[in-house]
Amino acid sequence: MTRLACALLALAPASTRPGDAYDGVRIALQRHAGVERSPEELTRALVAQGPKSIPVQYGLVLGSGLDELIGADWIPEAWACQPEQIPELCRRALAELPAKDVIAHLTQVSRGEPEIKERVVVMRILAGLRAPEGLELIWSTTEELGALELGYPSVRTAVRTAMGSILSHAPAAWGWVEKRLEKTDATTALLLIETLGELRLPQGMAILEALLEDEHLAERTLLTSMVELELHTPWALGGTSARHLEPRFRAREPERRALAAALAGRLLLASAVPELLELLEDTEPWVRATAASALAQLGHRPSDLDPDAWAGWYARELSWREQRVPELLSILTGPKPGPASEALHELFTHPLWKRELARETAERLTKAQHPVGPNACALLLDAHLRDALPGLVQALSMRDSRLRKAAWRTLQALSGTDLPLDLAAWKEFVHTGGI
């Protein structure tokens, strides 16, 4: 067929050309009356082809059928996109077509034991769909593949992305996962744990706690994910990780004692100092070193101090907390800016208690006098602790514009989001777990 003939065939109305399975997609992607169309418009045109087009569009996502779609020659003036754009356009369209129909086709494809590359494509499509029904296919795929195939970074990443996308956007997915936990194999459970740690959604803590009861799962990965989740949403999950770390300080296995010490340091868990002091006398040198390192994180002091020096430091810290903190917090909201500023700076010179004091300080911003409030925001920013988020959000309700702006800038920096200075938006942000 000549180039001219190909062009005439491509530009001809569908009714005048020989019909094939690609007609609908072809019409959706061809240029109409010379009008340029955006990728979004092309995606909508592909979605308009309906569920019957799913097999063809899935094949095009894989790169199969492009020759049949385009014809013998590529005629640029006949098409509204480039050939290399077609697979991605079809993938986007599949994410907007009816989820049950797309998942039914993906399930059928998966029964044919596709190659690893195609498995990755299936996971990418499920991630785009964000439908809880897709979890069944994810679980069956991971159980079928096993640890060896899931060791490939591309497969592992695709599975975790699909899990995370569904759990982030479909509330019903959490109930499905909870019901399926007892029948979840260790490899799939590990992927779930990693995903929950990355998502940092507070709903994940209940699942992590349930998985912690399974002695066959990696305790280090589980507890680490729990700690990271709590640090991200301390106002909702405060104390959860500490409850699970506490018995492990006295575990028979040295690796479990060391893990508890390391995670106490990561969590900046002031209440764990007595246990860490005991571990400085542990029979295993590496457990003692881990405990010393955790204490150094908590106190911002050299890790090579001897046990007596650490004990003396902790006694002084306890005394300061009991005798000075209540008074300093009272002065902070008093009528005199000078003493209040001095109290503010003293509160932030004791790193052991900084998580507790960041929360306490932020909660008092609505009562602080100018200019203590903005100065407190600056110190909270330096401390970089999300414990302060709820108190900072409340400060957005104040009439003092300088305090509102300071609290807003601090919220943006601590949260990593660019929400506007809007009280309702930030309240929703905190309510949903800071995501």
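The values are calculated or read from the model by the stated rules, or taken from the named source; none is laboratory data. As the structure is a computational prediction, the values presented were derived from the model and not from experiment. In this analysis, Cβ positions are derived from the backbone assuming ideal geometry, glycine residues included, and neighbour counts consider all displayed protein chains. SASA here: full protein model, heavy atoms, side chains in, ligands and nucleic acids out. Shrake-Rupley method; radii C 1.70, N 1.55, O 1.52, S 1.80 Å.
Structural remarks
- When residue 324 is tested against (1) more than 22 Å from residue 227 (Cα to Cα); (2) among the basic types (Lys, Arg); (3) touching a residue at least 24 places away in the same chain (Cβ under 8 Å), just one condition goes unmet, and that condition is (3).
- Count of segment 29-43 residues, restricted to those that are in a helix (DSSP H, G or I) and either open to solvent by 70 Å² or more (accessible area, probe 1.4 Å) or acidic (Asp, Glu) (or both), is 2.
- Residues in segment 198-213 that are out of contact with any Phe, Trp or Tyr (no Cβ under 7 Å at 6 or more places or on another chain) and open to solvent by 60 Å² or more (accessible area, probe 1.4 Å): 3 in all.
- Within segment 224-278, the set of residues being among the aliphatic types (A, V, I, L, M) and either farther than 22 Å from residue 354 by Cβ or part of a loop (DSSP other than H, G, I, E, B) (or both) comprises 251, 258, 259, 268, 269.
- Qualifying positions in segment 147-205 - aromatic (Phe, Trp, Tyr) and touching a helix residue (DSSP H, G or I) at 6+ places or on another chain (Cβ under 6 Å): 176
- Within segment 116-129, the presence of a residue that is surrounded by 15 or more Cβ atoms within 10 Å (Cβ to Cβ), over 24 Å from residue 93 (Cα atoms) and in contact (Cβ under 8 Å) with a residue 40 or more places away in the chain is excluded.
- With respect to the conditions (1) at pLDDT 95 or above; (2) in contact with a helix residue (DSSP H, G or I) (Cβ under 6 Å, 6 or more places away or on another chain), residue 65 falls short on a single one, namely (1).
- Residues (outside any helix (DSSP H, G or I), surrounded by 13 or more Cβ atoms within 10 Å (Cβ to Cβ) and modelled with pLDDT of 95 or more) located in segment 399-435: 419, 421
- Filter pass, residue 387 being touching a helix residue (DSSP H, G or I) at 6+ places or on another chain (Cβ under 9 Å) and without any contact (Cβ under 8 Å) to a residue 24 or more places away in the chain: no
- Filter result for the condition that a residue is under 27 Å from residue 266 (Cβ atoms) and touching a His at 6+ places or on another chain (Cβ under 8 Å), over 351, 390: 351
- Pair list, Cβ < 8 Å and 6+ apart or interchain, from segment 215-231 residues that are without any contact (Cβ under 8 Å) to a residue 40 or more places away in the chain and buried (at least 16 other Cβ atoms within 10 Å of the Cβ) to residues that are among the acidic types (Asp, Glu) and assigned to a helix (DSSP H, G or I): 221/194; 225/194; 226/209
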